[in-house]
Each structure stands twice: as C-alpha cells, then as structure tokens.
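J.: Have a look at this one.
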Amino acid sequence: MNAGELVEVVLPGKVEPEGLRIRHGAVPAAGPGQVLVRMEATGVSFAEQQMRRGRYYDQPPFPFVPGYDVVGTVVATGEGVDPGLAGVRVAALVKVGGWASHVIVEAADVVEVPEGISAAEAETVVVNGITAWQMLHRKARVRAGQTVLVHGANGGVGSVLADLARAAGVRVIGTASPRHHDTLRRHGVVPVDYRDDVAARVRELAPGGVDAVFDHVGGRGVVASWRLLAPGGTLVSYGSASTRDDEGSKQWPVLKLLARVWLWNALPNRRRAYFFNVWAGRALAKNAFRARLRADLTQVFAALRRGDVTARIAAELPLDRVADAMRLAESGTVAGKIVLTP
Ligand SMILES: NC(=O)c1ccc[n+]([C@@H]2O[C@H](COP(=O)([O-])OP(=O)(O)OC[C@H]3O[C@@H](n4cnc5c(N)ncnc54)[C@H](OP(=O)(O)O)[C@@H]3O)[C@@H](O)[C@H]2O)c1
C-alpha cells in the first residue's frame, strides 16, 4: 500500500462477503478538533454480520465503510488539538468507518493504548472490552462470590466478559458449542452446550439461580434468561443474534426486547433487567459519555496488561482479505476476535 493512499472497504448494499469492495482514494485531512489515525488494527464484530444483511438496528444507509473500532497511530492533528498527540498509539470506538487504512476521529474520542500492548491485542478489547466492562461493573455490579451466566462465552464480547468476571472473583457459567468447551475450561469457565436444555443445566449448577445473565441472543430465549435469575439478580440483554437472518424490520427485535425489559422492571419483583447499548447517553451528554468510556477502556487495558484478560486473536488478515475475514467470523468455529490489518 502507498503510504499516501487511502484504502477502505465499502459495503455497497446487502451482499455476500465477496461483495465487499476495496476503494482507493486520497488520505483525508484532520479538521478542527480531529486527528488522523493510521490504522494498525481493526476487527470484525457481530455488528458487521448484521450490517451486511441490512439487519443492524441503526446502521447508516448503503453504501458505507463498516468497522466498529480502530487502533492506530495518530499521524496528523487538526486545529485546536494538542500536537503532542502525533505519534501516539490510540484506540477509538467509531461504529462505522474503521475498515480503512486511515480514519478521521474526534480527538476527544481517542484513548491512548499503554506501552506493552500490541495493536492487535488492543483491538480485541475496544468495543468488546468497553461493552463487557460496562455491563459487568456498571449494570450488573457483580461482587466476588457471585455466579453469572454468559451466553456465547467464546465470542468477542463473551470471552472478555468471562475473563473480567473471573478476575472479579465471580463464578462463570458460559454457553458455547462443544468445540469451545476445553478453551472455556482453561479460562475458568464452566461450559454448557447451548443446544442442550440450558435452563435445566444452569439450575443444576446454580440451584438458587444466578446473580446475572448476559444475553446477546435475544428473541424468546431472553425469557429463559430472566427466569434463571436469583432474587436480587440482573439481566443484561445486549443483542439479538438469534434474529440476524430474519426478514422484516431491523428495529422490531430490539423494540421487543426493550418492551420486555420495561415490563419486567414494572412488575413487583427483586430482579432488574437492562437493555445495554454501548452508545447510550452519547447524544445527551457527550462529555460524560467520553469520560466513562475513557475510564472503562483504561481499566480494561490495565486488566490486559496484568494478564487478567487474554487477548484472543482468532486470526489476523489484511483489509483486502475482508471477505475471508467475514466468512471466518460467521463460520461458528472462532474463539475470540478476527483482526484486520492494513
Ligand atoms: N449492545 C451493545 O452495545 C453491543 C456491543 C457489542 C456487541 N454487542 C452484541 O454482542 C454480541 C456478540 O458480539 P461479538 O462482536 O462479540 O460477536 P462474535 O465475536 O461474532 O461472537 C458472536 C457470538 O454469538 C454466538 N452466535 C452467533 N450466532 C448466534 C445465534 N444465532 N444465536 C445465538 N448465539 C449466536 C457465536 O457463537 P458461535 O461462535 O458458536 O457461532 C459467538 O459466541 C452480538 O449480538 C452483538 O450485537 C452488543
């Protein structure tokens, strides 16, 4: 790749992975308050699997450049930005636009990556780490000695969530297909096959119920998650993976989850339910949102450096092999994050 050339991946519409296009252009300039980041690592999230089907509830209109998060080095600073940021390795949550050799980001949105963490390692915990940390410590507020259920404990968010919970002294039951069970056990997770009767198995393991359930599956299964809670327990619903291949409105599955959560909280009971969204609150209080994100990602990077969290890099592929990266992410064989490099 030419150092002065922009290379980006374009999602032109509802396409198979091979329909993603590579576009070449001029590197953009950082405007006031912005920085230009030379990408060193970005990644495939479940969101892109939904976006290529037109199923992510607030994706922009086609065509656009996907890429939920990015790690890279600041190569230029715009007006009003501390020039000392140039040369610093940073991470940012962008929702779209990360699958590019160069990314423009608001300077206030970047978080410095500490020494001793590679770009690919950092990438495994940007959106995944912020989401996991906030659900665990800001929503469920777990305490040592508790037991939680993590669905999809082999996935990008699920694996970081399990590590962070274990580091907090929490017992973790994790659902995954059997091919991932040995890995889960090595990370201190009690595995359950999600194709079995999960509720019955979890009740055997935690007869009084669990203190929190983290559910990205959505659909009707979320009712079973709610019923598994012990008194005082918290359900954190944060996705609708089970409706990825459905037809119809892309907002409807999330609206149904929101309605369920509202209803459950309105009932007289000692359990709580949340629908978590990593972007919540940004529109209303940008500075508070940024401060929270910075504090939480800093905690996750520290956990990574201590070894409390393992950077699970399932594969590293260059941007021009994005179709293979998507296929791999959707293969059901992956443990951890597929990282894209320039
Ligand atoms: N609300 C938020 O702010 C937020 C932020 C980030 C992510 N998320 C959500 O978190 C979830 C995980 O994202 P990720 O990037 O970590 O994805 P990922 O690395 O691709 O992992 C996806 C996980 O979901 C499982 N899965 C795939 N299809 C499924 C289905 N139909 N039913 C049940 N499980 C299924 C996978 O199991 P196999 O490997 O066995 O297929 C894997 O464990 C997604 O639903 C995503 O939308 C939400």
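J.: Quick check: residue separation of residue 295 and residue 333 times 0.36 nm, minus the Cα distance between them. What number comes out in nm? Show your work: numbers first, answer last.
T.: Numbers: separation 38, 0.36 × 38 = 13.68 nm, distance 3.29 nm.
Gain on stretching residue 295 to residue 333: 10.4 nm.
J.: Around residue 40, which amide H atoms from residues at least 5 apart in sequence, or from another chain, sit under 5 Å from its own amide H, with H modelled in the peptide plane?
T.: 71, 72, 73
J.: What percentages make up the Cα-Cα pair-distance distribution of region 1-50 when the bins are 5 Å wide from 0?
T.: Answer for region 1-50: a P(r) of 4, 14, 21, 22, 18, 15, 5, 1 percent.
J.: What stretch of the chain, leaving out the sites themselves, is the longest with no trypsin sites (Lys or Arg not before Pro) in a DSSP loop having at most 11 other Cβ atoms within 10 Å? Please report the intermediate quantities before stating the final value.
T.: Numbers: sites that count: 143, 195, 220, 270.
My reading of the result: 1-142 is the longest stretch.
J.: Ignoring any ligand, DNA or RNA, what whole percent of the accessible area of region 228-342 comes from carbon and sulfur when the probe is 1.4 angstrom?
T.: Its accessible area is 53 percent carbon and sulfur atoms.
J.: Right, another one. Provide, for the chain, the number of lysine pairs with alpha carbons under 17 Å apart, each pair being eight or more places apart or on different chains. Before the final figure, lay out the partial values.
T.: Details: 14/250; 95/250; 95/286; 95/337.
So the count of such lysine pairs works out to 4.
J.: Hand me the GluC sites (Glu not before Pro) from region 9-83 located in a DSSP loop with no more than 13 other Cβ atoms within 10 Å, in residue order please.
T.: 79
J.: Rounded to the nearest 5, what % of the DSSP beta bridges within the chain are antiparallel ones?
T.: In the chain, DSSP labels about 55 percent of beta bridges as antiparallel.
J.: Also, quick follow-up: Kindly express, to the nearest 10 degrees and within the range 0 to 90, the angle between helix 156-167's C-alpha long axis and the longest C-alpha principal axis of the chain.
T.: With rounding to tens, the tilt is 60 degrees.
J.: While we're on this one: Applying the Karplus parametrisation 6.51 cos²θ - 1.76 cosθ + 1.60 with θ = phi - 60° to the phi angles of region 297-306, what ³J(HN,Hα) value in whole Hz is obtained for each residue in order, glycine and proline being reported as x?
T.: 5, 4, 4, 5, 4, 5, 5, 5, 5, 6
J.: Please report, in Å, the Rg and the Dmax of the chain, where both are computed over Cα atoms only.
T.: 19.8, 62
J.: I've got another one for you. Return the sequence-ordered ³J(HN,Hα) values of region 33-42 in whole Hz as given by the Karplus equation 6.51 cos²θ - 1.76 cosθ + 1.60 applied to θ = phi - 60°, using x for Gly and Pro.
T.: For region 33-42, the Karplus-derived couplings read x, 10, 10, 9, 10, 7, 5, 10, 7, 9 Hz, x marking Gly and Pro.
J.: Same structure again: From the phi angles alone, apply the Karplus equation (6.51, -1.76, 1.60; θ = phi - 60°) to region 124-137 and give each ³J(HN,Hα) in whole Hz, x where the residue is Gly or Pro.
T.: Each residue's phi maps through the Karplus curve to give 5, 10, 6, 5, 5, x, 4, 4, 5, 4, 5, 5, 6, 9 Hz.
J.: Let me ask something else. Per residue, how much accessible area does region 127-275 show when a 1.4 Å probe rolls over the protein heavy atoms, in square angstrom? Don't skip to the answer; put the middle values down first.
T.: Details: 6790 Å² over 149 residues.
Value for region 127-275: 46 Å² per residue.
J.: Expressed in nm², what is the orientationally averaged projection area of the convex hull enclosing the Cα positions of region 127-275?
T.: If I average the Cα hull's projected area over directions, I get 8.5 nm².
J.: Taking the simple approach of a point 7 Å from Cα along Cα-to-Cβ for both residue 195 and residue 82, what is their distance in nm?
T.: That separation, rounded to one decimal, is 5.3 nm.
J.: May I ask for the Kirkwood hydrodynamic radius of region 1-144, worked out over all distinct Cα pairs and given in angstroms to one decimal?
T.: 16.1
J.: Give the long-range amide H neighbours of residue 192: residues separated by 5 or more places, or on another chain, with amide H under 5 Å away, using H modelled in the peptide plane at 1.01 Å from N.
T.: HN-HN under 5 Å from residue 192: 174, 175, 176.
J.: Under the 0.36 nm per residue contour assumption, what length would be gained going from the current alpha-carbon distance of residue 320 and residue 205 to full extension?
T.: Full extension of this stretch gives 36.9 nm more.
The values are calculated or read from the model by the stated rules, or taken from the named source; none is laboratory data. Predicted model, so just to flag it, every value in this text is computed and none were measured. A quick note on method: Cβ atoms are made from the backbone with ideal geometry, for glycine too, and the neighbour counts reach across all protein chains shown. We work out accessible area using only protein heavy atoms, side chains counted, and drop any ligands, DNA or RNA first. Shrake-Rupley method; radii C 1.70, N 1.55, O 1.52, S 1.80 Å.
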